[in-house]
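Taking it in order: structure first as structure tokens, then the write-up.
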Amino acid sequence: MNLYLRYFDSETLVSSVDDAIEFLASIPEINLTPELEADVRDYVASDVYYPKRYKVRPRVYFIIIKTEAATMLDFKQKKAVRTSAGSDSKDAPSAVSKLNEIREGWYEGELDFKRVVMVPTTGKFEYRDTHFVARCKAVSAMDCYNRIVEHLRERVDERSQFPSPKGKNFKFRFMGYWKN
């Protein structure tokens, strides 16, 4: 496993934690304390594959990414992207493909959105979390989402905020085919 490190325009791909520490020490703005060095070594030794960023000063960070890429070009072209353990990406359909899968029938869609309502005592408006469930005929889950949002837009304040259909605030269930 290799390590990709970047601080602004300075970047490198190294094969050991010692090379990574040496790279960080070569950058004058980074104060390489024993605690920072120990934390970098712990991160590299851990099973965590998420990128790690370290604060240099307010709103300024350097980043370390574990990668299987052998060269910088491979890393830049994402040829050694690590897939999450336990998921077989060839067999499991993505969330977007499930949304767009054409399957005409009845759907039950659940939507959590931010509804704008007026507070009667103050006359001011506020956002309220609102849960909405509807059953509708649709050709896909995305069509179900669009029908629900279209229905709500006609009935709630235009400032209300609707979630993305790809997020956790929209759920759907295919209930069955409709009869012609």
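The values are calculated or read from the model by the stated rules, or taken from the named source; none is laboratory data. None of these values were measured; they are calculated from a predicted model. Here the Cβ is made from the backbone with ideal geometry for all residues, glycine too, and neighbour counts use every protein chain on show. Protein only, heavy atoms only, side chains kept; ligands, DNA and RNA dropped before computing areas. Shrake-Rupley method; radii C 1.70, N 1.55, O 1.52, S 1.80 Å.
Miscellaneous remarks
- Flag for Tyr49 being in contact (Cβ under 8 Å) with a residue 24 or more places away in the chain and open to solvent by 70 Å² or more (accessible area, probe 1.4 Å): yes
- Segment 1-45: number of residues that are open to solvent by 30 Å² or more (accessible area, probe 1.4 Å), part of a loop (DSSP other than H, G, I, E, B) and over 21 Å from Phe75 (Cα atoms): 6
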